[in-house]
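What follows is a short report on a single structure.
The values are calculated or read from the model by the stated rules, or taken from the named source; none is laboratory data. Quantities reported herein were computed from a predicted structural model and do not represent experimental measurements. A quick note on method: Cβ atoms are made from the backbone with ideal geometry, for glycine too, and the neighbour counts reach across all protein chains shown. Heads up: the accessible areas ignore ligands, DNA and RNA and are worked out on the full protein's heavy atoms, side chains in. Shrake-Rupley method; radii C 1.70, N 1.55, O 1.52, S 1.80 Å.
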Amino acid sequence: MSLATESPSPSSPSSSSGSDDFAALLDAELELTSAADSASAGDPSAATDDDEEGGDEEEEEEDVVVVVEQEDAIVEQSSTKRRRVEDQHRHQAVVMKSDEDTVGSSEDVKIDECPPHPGFFGGLCYRCGKRQDEEDVPGVAFGYIHKGLRLGTTEIDRLRGADLKNLLRERKLVLILDLDHTLINSTKLFDLSAAENELGIQSAAKEVVPDRSLFTLETMQMLTKLRPFVRRFLKEASDMFEMYIYTMGDKAYAIEIAKLLDPDNVYFGSKVISNSDCTQRHQKGLDVVLGDESVAVILDDTEYVWQKHKENLILMERYHYFASSCRQFGFGARSLSETMQDERENDGALATILDVLERIHTIFFDPVIKRVRQEVLQGCKLVFTRVFPLHQRPQDQMLWKMAEQLGAVCCTDVDSTVTHVVALDLGTEKARWAVSNKKFLVHPRWIEAANFRWQRQQEEDFPVARPKEKGKENAADAPISKENGDKNAADAANAKKGNENVADAEEGSKENADDAANAEKSKYDGAASGATGS
């Protein structure tokens, strides 16, 4: 996080104090240092010229003069610095006084004064220009942001508050990342095992291939292996978190590893914290992080270095790639490098932790989404009439639940506290009550529109159909109903006639069957009589 960008604009009357014009004062301090260096660099040459012209006695005298002039130049520059700051405050006071006269009130306008000092840069307060001494309020050094920068507790709290607002606006949290055994694994060249040397691991580290993960740090005589999935991890995590590197390694080492992990400098910027930035020996702390502790998540393979922040810690499974790492932690098995294997990308430690971070991010911001949604219809009390099916609980209906999620209070009976009646037509008693009592009468689409747009909609844009329009619809439906009735009557008559025909057919069939039986009987009787006669 840039201190300059977080400071309010000095052009604003409400934020025109010297402490807020941090970037300008840093420039002034750099100019002071540069001028002093130039003076000290220029005088010896003058002394050399004089030395060529004069003798030994003149040379000695000139040296004394030069030293005095150098000291006077530095004192003069320091005095100039103080005058510039004082002039700036006088100018700001004039501007603020002018604004005060315009507004007509001086109670809301105030110039910040020291002490307390907001912070120091190069040993000077960047508000008043006073030198830092033992009586000044203690603070925390932020050398990883700017060399020689030290901030007071009040200024740290202000910056963290501003940073927190920006993070929540961007839906981001703070992620603190350890390096060794978390994102990478490194080894000294002289610690390589015989097996690693036989496999040519040093030669492999020097090969320039796309998406490589093995590197040589020539100046440090080291090899570094990036943990599988680390590049995708950083890319996706950067959408959810503002990220810091925090290592117990040296500053130079931390910066070199940051270049490997973030070659385009898009993830970390100056947020690379090393052992020289720690305020307690062998301990890491969030006191040197300009991010609020309430939104900080820590990824580290070592728990004991975070004694004060264990609740923020996610303990990582250690990444042991090189043989020296396995030996350091007492593992007798062959290392990943010796077996020419590695963690899997898709289900390795970093991929698993990324899923955890996504859940943390979602859980953290879900209540925020819920609160924002509940503000849409906050203060509205709704009654529904003939909107839901009969014999079903209205509390179980989707529209009822939607209204409650938007912050409305839903009920079944009307009273003086009801603000809206939701109806499909004006023909209900509750709808007429809304009209007579000057309550809002809206169509159910009013709730749906508010849900889609996350904003309460104008009630007049969602009117309910009037009775005459409903009567016209009923009148238009009447001929159709009559036609359908006549058709149904005709169908019923035809059906009845069909049933009679079926009955006649059945009766005729029965009579035919009886005649056939009688004929058969007569034939049998005749045959029997003939047989008796013969």
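Quick notes on this structure:
- The packing ranking of peptides 344-352, 174-182, highest mean first, is 174-182, 344-352, where packing means the average number of other beta carbon atoms within 10 angstrom of each residue.
- For the pair Gln458 and Ser294, a Förster radius of 35 Å applied to the C-beta separation gives a FRET efficiency near 0.35, rounded to the nearest 0.05.
- Once the C-beta distance of Asp157 and Gln328 is scaled by a Förster radius of 56 Å, the resulting FRET efficiency is 0.90 to the nearest 0.05.
- Projected label points at Arg131 and Arg432, each 7 Å from Cα along the beta carbon direction, are separated by 9.2 nanometres.
- Count Lys and Arg as plus one, Asp and Glu as minus one, and take only other residues whose Cβ is under 14 Å from that of Glu375; the net charge is then +4.
- Surface accessible to a 1.4 Å probe, per residue, for the residues of region 370-461, Å²: 61
- Accessible surface for region 171-364, divided over its residues, is 48 Å² per residue with a 1.4 Å probe.
- Exposure of His361 as accessible area (Å², to 10), given a probe of 1.4 Å and all protein chains: 20
- Label positions at Ala194 and Asp287, each projected 7 Å from the Cα along the C-beta direction, are separated by 5.0 nm.
- Under a model in which nothing but the beta-carbon of Lys, Arg (+1) and Asp, Glu (-1) is charged, region 170-324 shows a dipole of about 80 debye around its Cα centre.
- Given Lys147/Lys235; Lys165/Lys370; Lys147/Lys310; Lys188/Lys284, the pairs whose alpha carbons are separated by over 27 Å: Lys147/Lys235; Lys147/Lys310
- Whether region 171-364 is rounded, prolate or oblate, judged on the alpha carbon gyration tensor where a/c under 1.5 counts as rounded: prolate
- Of Asp211, Asp157, Asp264, Asp301, the order by accessible heavy-atom surface (1.4 Å probe, DNA, RNA and ligands excluded), from most exposed downward, is Asp211, Asp264, Asp157, Asp301.
- With every protein chain in place, region 370-461: carbon and sulfur % of accessible area (1.4 Å): 48
- Shown are Glu198, Glu155, Glu293, whose ranking by accessible area with a 1.4 Å probe and every protein chain present, most to least, is Glu198, Glu293, Glu155.
- Region 171-364 - percent of accessible surface contributed by carbon and sulfur, probe 1.4 Å: 50
- Full-stretch length increase - Asp250, Asp355 - with 0.36 nm per residue and alpha-carbon distance subtracted: 34.7 nm
- In nm, spacing of pseudo-spin labels at Ala465 and Phe364 (7 Å Cα→C-beta vector): 5.1
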